[in-house]
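A.B. asks: To start, I am sharing the structure in question, which I have written as structure tokens.
The values are calculated or read from the model by the stated rules, or taken from the named source; none is laboratory data. Remember, it's a predicted structure, so these values are computed and weren't measured experimentally. Cβ atoms come from the backbone with ideal geometry, glycine included; neighbour counts cover every protein chain shown. The area values use the complete protein model at the heavy-atom level, side chains included, leaving out ligands, DNA and RNA. Shrake-Rupley method; radii C 1.70, N 1.55, O 1.52, S 1.80 Å.
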Amino acid sequence: MALKIFELDPSLESVSGQIFDRINGYKWWKEELVKKEGGIEQFAEGYKTFGFNRGEKDNVKGAFFREWLPNAKQVFLIGEFNKWENTTALTSEGFGRWVVFLPDKEDGTPMVPHKCQLKVRVETPEGQMIERVPAWTKLAWQDHTTNLFNGVNWEPAKEDQYTFVHKRPLNPDNLKIYEAHVGMASVEAKVATYADFARDVLPRIKRLGYNAVQLMAVAEHAHYGCFGYHVTSFFAPSSRQGTPEELKMMIDTAHSLGIVVLMDLVHAHASSNALDGLAQQDGTDHCYTHGGPKGHHTEWDSKIFHYTKYEVLRFLLSNVKWWLEEYKFDGFRFDGITSMLYQSHGIGKGYTGGYHEYFGDDAEIESHIYLMLANDLIHSVLPSAITIGEDVSGMPTLCRPVEDGGFGFDYRLAMAIPDMFIKLLKEGTDDAWDMGHITHTLTNRRYKEKVIAYCESHDQAIVGDKTLAFWLMDAEMYTGMSIKTQPQASLVVDRGLSLHKMIRLLVLGLGGEAYLTFMGNEFGHPEWIDFPRPENGWSHDKCRRRWDLAEDVHLRYQFFQAFDELMQACENRFKWLTSEEQYVSLKDNKDKVIAFERGGLLFAFNFHPCQSYSDYQIGVGWDEPMRCVLDSDESRFGGQNRLEHGHVNVFPVLGGFKERPHSVKLYLPARTAQVLVKESVLQGGIRILLAQSFLAGHGLTSADGVVLQLETVKDGKKEVAPMKFEGGCVELAQTSNATFALVGPSGDILKCGASKDEFFRVYFPGDYTISGKGYLENTPAKA
């Protein structure tokens with residue numbers, strides 16, 4: 001039977017030979033692992049064999065310690081437990097494995113106690129004695145007297161181990177990712193902790209409308225300034241932010257808010273730091289990595305894994321399963337896989353879509369096989385898992401299932417989109433923007449391969465680069481944002497605010513099947529990221545996030561954030577990301593207008609710097625009146641409120657126009673965007689339901705006795721209208737948006753876990769369920 005990838009793209013038949021090279025290689029490994037290990041899942045449990053594991057020997061309780069050091073002549077375990085002396089020798093088991101059994105002391109305590117720091121001392125083939133952090137260590141701490149890292153035996157008592165309470169959230173169809181770095185996620189100039197992030201940032205992410213957080217710099221990395229991309233200990237969570245148990249608590253808190261947690265997984269390379277990491281683990285340059293030039297990435301100054309060496313493959317696949325099982329991550333973003341796909345690592349190459357660019361002598365088949373095995377394993381261990389490939393080349397079949405002949409990723413990052421907008425802002429004037437080029441870049445993706453659209457990520461926020469807000473407003477990010485001192489925004493700030501909103505909505509609307517932003521960019525964060533280093537006096541001042549600016553009612557940053565929040569709320573309600581229906585009906589380069597239909601909504605953008613249009617006719621595909629539900633010119637977003645009419649009045653349907661069967665006429669002010677929905681979708685008001693998970697969290701079995709206190713305004717004064725749940729539901733039939741609190745049967749406030757205060761907020765008509773720790777979902781509760 002023909003593979004699905006050839007049915008979807010028959011032109012792939014021309015390169016089928018190389019495609020089958022990786023497919024057959026993948027199948028060979030799957031069969032080999034069944035024969036030798038009982039299957040890939042069992043093979044990927046190396047952490048149950050290597051490193052420290054409790055066990056018995058000759059009826060004596062203790063711990064086994066095992067490492068893979070194939071070229072070592074002697075190996076010793078050294079650490080605080082034996083005063084760093086060569087008194088604990090490991091024995092060779094063959095195949096590069098070294099092991100020692102460490103019997104418990106007479107009092108029953110372990111020989112190597114919890115939190116004991118240690119290393120392995122290795123005699124190299126040349127007879128030199130070197131010290132290494134154990135490759136399988138589950139924690140590493142920095143010795144601040146030497147600045148080197150040591151492995152740590154992390155085995156807390158059972159009562160001190162974190163126990164997960166909350167179920168994993170369902171895999172969201174409309175994936176919206178908040179890319180974050182825990183250490184810099186504080187207003188204060190410090191390294192923030194996992195506890196800080198759980199308390200301060202996760203509720204913020206949920207309030208903003210994102211349903212996933214992608215965590216950077218999770219695995220231990222000796223150099224803080226590498227952003228987590230030069231990993232030194234692959235099984236150890238970064239210790240700067242707290243303990244392994246605190247990381248588990250943070251992930252569990254995210255799950256309680258319905259937030260999926262993705263890990264930025266770095267398997268494209270390893271740090272070249274041999275003193276703290278994997279490089280030259282046994283004294284040779286070809287232990288976990290390729291030897292010689294093949295094992296060195298010249299641009300990154302890092303080491304390249306030998307992906308199909310048996311124990312290296314075990315190490316990497318076990319690493320994947322470890323983070324899924326031990327920490328309950330919900331998936332991964334595989335970093336830098338362009339480097340893995342090609343022997344050249346993509347250095348100095350351009351990719352235009354021709355298949356000769358992807359297949360041929362440059363293809364790195366062993367890495368292809370590894371990526372297929374990794375995706376297969378991930379989706380076997382956790383069928384709901386999400387995997388994302390960061391590939392700049394556009395490799396065909398990257399996001400098709402393994403069984404279809406693809407690499408198995410669920411999404412790829414649409415990396416051409418941010419590059420396009422930076423180029424537009426950097427090199428041209430607004431009136432030179434080509435609407436056709438913009439829409440082509442946003443829609444240019446392979447059939448049936450999902451992409452994550454974004455207009456900026458952490459890459460644009462790093463010192464030496466500029467975010468969209470910086471390109472748009474530059475120095476006025478510091479001087480022109482005060483409403484107090486400058487009630488009227490300058491031309492620069494007005495343009496910047498307008499285009500920032502429009503670009504983000506355009507990318508969310510048209511760019512892909514998912515969306516991503518980097519933390520702080522949603523409100524136009526005014527400072528770049530500069531990690532502590534000698535050149536800045538080891539300062540954390542530019543290695544933090546100024547959340548306070550977006551919350552200050554006297555600053556215009558609030559408008560950027562308010563729009564992003566409502567934009568996400570709009571998508572959460574109408575879920576256009578899940579729709580395959582997408583039609584660009586207009587890309588008028590003269591008028592600078594873009595219009596498109598997606599998921600039953602009409603999006604209209606006027607990018608003209610100064611020309612507004614009245615009664616501008618746009619073709620649509622449906623014969624039904626429409627109403628505006630979101631526009632970038634609303635006063636709550638710092639706009640002029642010129643489109644208010646469309647929010648309270650419907651736009652009648654007119655005759656066919658420009659190859660569409662129907663049409664509407666709209667007012668399009670310069671530099672504004674608007675989203676219109678069929679009037680029938682907006683009928684019925686708002687219904688609020690309470691999920692069992694929310695009730696159980698407050699010790700309740702039903703909604704009986706719970707009161708919804710609706711905030712209303714009468715004669716300019718706020719009032720509260722109490723409403724009881726009937727049949728587990730409150731209906732606000734005539735309401736299109738609502739702010740309310742919940743009061744339990746005993747009079748206590750049942751707070752919103754994703755709010756700055758105790759209130760829940762709904763912005764669009766529809767059915768909403770309050771779940772988990774107190775967050776709103778746009779679907780009714782399931783029985």
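A.B. asks: Find how many whole Å separate the alpha carbon centroid of segment 272-293 from the alpha carbon centroid of segment 63-101.
C.D. replies: With segment 63-101 and segment 272-293 each reduced to a Cα centre, they are spaced 18 Å.
A.B. asks: Give, as ranges by residue number, the residues of segment 205-232 whose backbone N falls under 19 Å from the point 7 Å along Cα→Cβ of Trp538.
C.D. replies: 221-227
A.B. asks: Please name which of Met129, Gly96, Ile23 has its Cα lying farthest along the dipole of the chain towards the positive end, using unit charges on Cβ (Lys, Arg +1; Asp, Glu -1) and the Cα centre as origin.
C.D. replies: The Cα lying farthest towards the positive end belongs to Ile23.
A.B. asks: With a cut-off of 8 Å between alpha carbons and a minimum separation of six or more residues, what is the relative contact order of the chain in percent?
C.D. replies: Relative contact order here is 9 percent.
A.B. asks: How much length is gained if the chain between Leu170 and Gln343 is pulled fully straight, taking 0.36 nm per residue apart and subtracting their Cα-Cα distance, in nm to one decimal?
C.D. replies: Working it through step by step, the gained length comes to 58.5 nm.
A.B. asks: In this model, which of Lys542/Lys717; Lys167/Lys450; Lys4/Lys30 are farther than 31 Å apart at the alpha-carbon?
C.D. replies: As for pairs spanning more than 31 Å Cα to Cα, those are Lys542/Lys717.
A.B. asks: What's the magnitude of the charge dipole for the chain around its Cα centre, counting Lys and Arg as +1 and Asp and Glu as -1 at the beta-carbon? Answer in Debye, nearest 20.
C.D. replies: Using Cβ point charges on Lys, Arg, Asp and Glu, the chain gives about 860 debye.
A.B. asks: A further question on this structure: What Kirkwood hydrodynamic radius, in Å, does segment 444-493 give when the mean of 1/r is taken over all pairs of distinct Cα atoms and then inverted?
C.D. replies: 13.6 Å
A.B. asks: Moving on to the next point. Karplus couplings for segment 116-130 from phi (6.51 cos²θ - 1.76 cosθ + 1.60, θ = phi - 60°), rounded to Hz, Gly and Pro as x?
C.D. replies: Rounded to whole hertz, the list is 6, 8, 7, 8, 10, 9, 10, 8, 7, x, 8, x, 7, 9, 10.
A.B. asks: If you take every DSSP beta bridge whose two residues both sit in segment 264-381, what share of them, in percent to the nearest 5, is antiparallel?
C.D. replies: The answer is about 75 percent antiparallel.
A.B. asks: While we're on this one: Using a/c under 1.5 as the rounded threshold, could you call segment 138-214 rounded, prolate or oblate? The axes a ≥ b ≥ c are square roots of the C-alpha gyration tensor eigenvalues, and prolate needs a/b larger than b/c, oblate otherwise.
C.D. replies: It is oblate, given that a/c is not under 1.5 and a/b is not larger than b/c.
A.B. asks: Okay, next question. Ordered by packing density, taken as the mean number of other Cβ atoms within 10 Å over each peptide's residues, highest first, how do 623-630, 342-349 rank?
C.D. replies: Highest mean packing first, the order is 623-630, 342-349.
A.B. asks: Enter the Cα centre distance for the pair segment 503-562 and segment 148-202, rounded to the nearest angstrom.
C.D. replies: Each part reduced to its Cα centre gives a spacing of 20 Å.
A.B. asks: If you don't mind, there's one more thing I want to ask. Keeping every protein chain present and rolling a 1.4 Å probe, give me the accessible area per residue for segment 327-446 in Å².
C.D. replies: Spelled out: the 1.4 Å probe surface of segment 327-446, per residue, equals 32 Å².
A.B. asks: Leaving ligands and nucleic acids out of the surface, order Tyr370, Tyr613 by accessible area at 1.4 Å, largest first.
C.D. replies: In descending accessible area the options line up as Tyr613, Tyr370.
A.B. asks: Apply the membrane-span-like helix rule to the chain: whole DSSP H runs, Cα extent along the own long axis of at least 27 Å, mean Kyte-Doolittle hydropathy at least -0.5. List the helices found.
C.D. replies: Both cut-offs are met by 491-510.
A.B. asks: What net charge is computed for the residues neighbouring Trp538, neighbours being all others with C-beta under 13 Å from the C-beta of Trp538, Lys and Arg scored +1, Asp and Glu -1?
C.D. replies: In short, 0.
A.B. asks: Return the FRET efficiency for the residue pair Arg240, Ala2: r is the Cβ-Cβ distance, R0 is 60 Å, and the value is rounded to the nearest 0.05.
C.D. replies: 0.75
A.B. asks: Still on this structure, please answer the following. Per residue, how much accessible surface does segment 460-575 expose to a 1.4 Å probe? Answer in Å², no decimals.
C.D. replies: Here the residues of segment 460-575 average 33 Å² of exposed surface.
A.B. asks: Among 470-478, 333-341, how do they line up from the highest to the lowest mean number of other beta-carbon atoms within 10 Å?
C.D. replies: 333-341, 470-478
A.B. asks: Turning to a different aspect of this structure: Ranked by accessible surface with a 1.4 Å probe, highest first, in what order do Ile5, Ile365 come?
C.D. replies: The residues order as Ile365, Ile5, largest area first.
A.B. asks: Please report the carbon-and-sulfur percent of the accessible area for the chain; probe 1.4 Å, protein heavy atoms only, DNA, RNA and ligands left out.
C.D. replies: It is 50 percent, rounded to a whole number.
A.B. asks: Could you please put His181, His379 in sequence from largest to smallest accessible area, using a 1.4 Å probe?
C.D. replies: So the residues, ranked largest to smallest area, are His379, His181.
A.B. asks: For Phe149, enumerate residues with amide H under 5 Å from its amide H, sequence gap 5+ or separate chain, H modeled in the peptide plane.
C.D. replies: Asp143
A.B. asks: Between Thr109 and Glu13, what length in nm is gained on full extension when 0.36 nm per residue of separation is reduced by their alpha carbon distance?
C.D. replies: 28.3 nm
A.B. asks: While we're looking at this one, here's another question. What accessible area, in Å² to the nearest ten, does a 1.4 Å probe give for Glu37?
C.D. replies: In the full protein context, Glu37 sits at about 50 Å².
A.B. asks: If R0 is 51 Å, what FRET efficiency do you get for Lys718 and Tyr478 from their C-beta distance, rounded to 0.05?
C.D. replies: 0.90
A.B. asks: Taking a spot 7 Å from the Cα of Glu325 along the direction of its beta carbon, which residues of segment 372-402 have an amide N less than 15 Å from it?
C.D. replies: 377-383
A.B. asks: Here's a follow-up. Provide the solvent-accessible area of Leu413, counting protein heavy atoms only and rolling a 1.4 Å probe, rounded to the nearest 10 Å².
C.D. replies: Leu413 exposes around 10 Å² with every protein chain in place.
A.B. asks: Rounded to the nearest 500, what is the 222 nm mean residue ellipticity of the chain from helices alone, with -39500 (n - 2.57) per DSSP H run of 4+ residues and division by all residues?
C.D. replies: The helix contribution divided over the chain gives -6500 deg cm²/dmol.
A.B. asks: Which distance in Å, rounded to a whole number, links the C-alpha centroids of segment 355-389 and segment 16-36?
C.D. replies: 12 Å
A.B. asks: Shape verdict for segment 229-268, please, from the Cα gyration tensor: rounded (a/c under 1.5), prolate (a/b greater than b/c) or oblate.
C.D. replies: Since a/c reaches 1.5 but b/c is at least a/b, the shape of segment 229-268 is classed as oblate.
A.B. asks: Please report, to two decimal places, log10 I(q)/I(0) for segment 1-121 at q = 0.18 Å⁻¹ as given by the Debye formula with identical point scatterers on the Cα atoms and no solvent.
C.D. replies: -1.00
A.B. asks: Still on this structure, I have one more. Need one value: the accessible area of Ile259 in square angstrom, 1.4 angstrom probe, rounded to the nearest 10.
C.D. replies: The accessible area comes out at roughly 0 Å².
A.B. asks: What Kirkwood hydrodynamic radius, in Å, does segment 470-562 give when the mean of 1/r is taken over all pairs of distinct Cα atoms and then inverted?
C.D. replies: 14.5 Å
A.B. asks: Another question, then. Of all beta bridges DSSP finds with both residues in the chain, what is the antiparallel percent, to the nearest 5?
C.D. replies: In the chain, DSSP labels about 75 percent of beta bridges as antiparallel.
A.B. asks: Now for a different question. Candidates (1) 37.7, 129; (2) 28.1, 90; (3) 51.7, 142; which is the computed Rg and Dmax of the Cα atoms in Å?
C.D. replies: After the calculation, the listed value that fits is (2).
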